[in-house]
Amino acid sequence: MPNADADPSPRPDLIGSGVSASSDDAASPPEDESGDRLASAGLQESHRQSEYYSPVPDGYIRGRHRYVAVLGTVMSGLGKGIFSSSMAKVLKDKGLTVAPIKMEGYLNIDAGTLNPYRHGEVFVLDDGTECDMDLGTYERMLEQPLSKHNFTTSGRIFHEILDRERHGVYLGRDVQMIPHVTGEVKRKLRELALRGDGERPADVVFVEVGGTVGDYENGFYIEAMRELAFEEGPGSVCFVALTYIIEPEALGEQKSKAAQLGMKRLMEMGVQPHLIACRATNPVTPKVLEKIAMFSNVPKRRVFSMHDRQSIYTIPDDLRADGLDREILSVLGLHDRVDIRHEDISRQKWSGFVGKLTGERPFEIEVGITGKYADLRDAYASIDKALEHCSAYFGVRANLRWMETTEIDRSNVEHALSGIDAVIVPGGFGSRGVEGKIACVSRCRTAGIPYLGICLGFQVAVIEFARSVLQLREASSTEFDPTCKQAVISELPDQKRIEGLGGTMRLGAQTVDITPGSLASFLHDQKTEIRERFRHRYEVDPAFIERLEAGGLVFSGRHPEQPIMQVLELPSEAPPDRPDAPTHPYFIGAQFHPELVSRPLTPQPMFMGLLAAAIRERYGTDEEAWSRLSRNSAMRRWLNGRAGQQQTV
């Protein structure tokens, strides 16, 4: 719906038309045939004699879409993604269609080759896009699958511009940061507005600009947002600035000077924020909020405290309680698009989850995460959140013990895992810490500790089984030892023919066939086919599959057509014809990444099964505690046997 209050200047016919907004250019001759050709291709590029360049995709209606730009000041890591996704959820709950995008300043084409210590977890989308971990926050908050359209980097934008230049798209123009690079940013935002959530055009596009105001690498994004606000007209873009309120321990009070200077830097770039979110450890005092409002020309009712919370999932309700939703709707003129009934239903569902999350949880379990990046929890952010979803569902508290596998070996693994009720061995690349992971697998398998292996955790489970059960002492992976004589894990021939570091990766959502009657089938509600997200290069070598299965390892998930093993497990009971076969109460591994699809309202089944097994491990012999836990209907479903029979303690 067009905004009735929108300022008519600049004229709609000038946006992306190739005609300058100045009166001297108003009588410019019509575009030549090249310009018509580009326009007919949906590009609507600017005329080569005009300095104006702002591409508009076919079908885009000025005034139909709104934008919320989220910018950070003072320092990075303030939680722009958490705020942006929380606010997007609040508006989605009101019945609006939202579409987020994260714009990164680095020159990498995507996040695929970034070390987790540099940038946290690499999150993988259904279409195989390797992106920033904030995209995971958006998907979890919005319960909405995203795609490559929701993420970009400076490198990707520059690559696309240079490719166009080489193909003559700019008609001999000297390609510049302004207007061409900023124009490309605006193109992406307008295209995303049209695409929306994949089903409907977006009412609101949430634009998160990575980094900090004042960084060289993100300056053109901020300039593009300034230009977009000018071109779309008043009431089209709401600028939100996140800042940081320092509280030096030696002073014992909050100081706002750094935040004031951050606001000043933003306004020097031509951007006047409409709202300001003040990050802090403790609630920001009224005095500090008043100072921020005074020095930034923002009404005090639009300056609010975004201090540390018990969980990020409580933030949407806190934003609503502070009236931030009403303020953004007022800035953007969207009150008339709110669906009250939709909001009531959505809030009721979310409140149920938050109530479990923040409520009393008298029972606790210890979950060990044995990884090679354990010093940085952001490297396993999705695993952390998946466990948070499941523990809230069960009403228990999952205490996470992060363990660096470079410090674990067979001599100390028993001590390292003492007191642990369940173990997760997560993904990773390279040989560092792998022997420690194998030691953890061995301890879990032989001691009956509930185990979930993810990606590399799946592969090291195969290696450990081959070494210990099949007596293949040199079993390993060609990733760790290219000359390995017993490579039970290797790169398949079809993958080896693909060149490039990222070229051989299996990425994105793919189908997995599940064996009926298996643990994997039970966890996924008896489904025989699921879709999960992959990010790996190495596979179980088909030459060893028959021997591994003969030894008792069950491959319960496979590729529909190729001999690619995707889920492994050990049975809880030995088959009648093989009473000596290895068994385990809960031992499962996935070549895919189940943590990427866990959501607050729909926890991932493999994690649910792991925590249920951990609860049984901890409280199964405590008659009083077990009686209380068993009264939980949710718990009973996940403690069922694989044939649907209740397992006894």
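Exactly one residue out of 293, 277 is open to solvent by less than 40 Å² (accessible area, probe 1.4 Å) and touching a residue at least 40 places away in the same chain (Cβ under 8 Å): that is 277.
Pairs linking a residue in segment 213-232 that is more than 14 Å from residue 106 (Cα to Cα) to a residue that is of a type in the set (Val, Ile, Thr) and in a loop (DSSP other than H, G, I, E, B), with Cβ atoms under 6 Å and 6 or more positions apart or on different chains, are 213/73; 226/271; 231/15.
The residues on offer are 193, 224, 202, and the sole one that is part of a loop (DSSP other than H, G, I, E, B) and open to solvent by less than 10 Å² (accessible area, probe 1.4 Å) is 202.
Does residue 383 satisfy the criteria of being assigned to a strand (DSSP E or B) and either among the polar types (S, T, N, Q) or open to solvent by less than 20 Å² (accessible area, probe 1.4 Å) (or both)? No: the conditions fail for residue 383. For the subset of segment 516-530 comprising residues that are open to solvent by less than 60 Å² (accessible area, probe 1.4 Å) and either hydroxyl-bearing (Ser, Thr, Tyr) or in a helix (DSSP H, G or I) (or both), which member is nearest to residue 604 (Cα to Cα)? If we take residues in segment 516-530 being open to solvent by less than 60 Å² (accessible area, probe 1.4 Å) and either hydroxyl-bearing (Ser, Thr, Tyr) or in a helix (DSSP H, G or I) (or both), then 523 is nearest to residue 604 (Cα to Cα).
Just one of the listed residues (284, 271, 288) is open to solvent by less than 60 Å² (accessible area, probe 1.4 Å), at pLDDT 95 or above and out of contact with any Ser or Thr (no Cβ under 6 Å at 6 or more places or on another chain), and it is 271.
Which ones in segment 534-562 are under 30 Å from the mean Cα position of the chain (by Cα) and more than 19 Å from residue 594 (Cα to Cα)? Once the filter is applied, which keeps residues that are under 30 Å from the mean Cα position of the chain (by Cα) and more than 19 Å from residue 594 (Cα to Cα), segment 534-562 yields 561, 562.
Restricting 152, 137, 113 to residues that are open to solvent by 10 Å² or more (accessible area, probe 1.4 Å), in contact (Cβ under 8 Å) with a residue 12 or more places away in the chain and under 16 Å from residue 208 (Cβ atoms) narrows the list to 137. Looking across segment 452-482 at every residue that is part of a strand (DSSP E or B) and closer than 17 Å to residue 428 by Cα, the one that is most open to solvent (accessible area, probe 1.4 Å) is identified as 476. When residue 261 is tested against (1) part of a loop (DSSP other than H, G, I, E, B); (2) aliphatic (A, V, I, L, M); (3) open to solvent by 40 Å² or more (accessible area, probe 1.4 Å), only condition (1) is not met. Residue count for segment 87-127 satisfying the condition of being over 29 Å from residue 371 (Cα atoms), out of contact with any Phe, Trp or Tyr (no Cβ under 9 Å at 6 or more places or on another chain) and small (Gly, Ala, Ser): 1.
The values are calculated or read from the model by the stated rules, or taken from the named source; none is laboratory data. Just so you know, these numbers come straight off a predicted model, no measurement behind them. Counting neighbours? That spans all protein chains shown, and the Cβs are built from the backbone with ideal geometry, glycine included. Heavy atoms of the whole protein, side chains included, go into the accessibility calculation; ligands, DNA and RNA do not. Shrake-Rupley method; radii C 1.70, N 1.55, O 1.52, S 1.80 Å.
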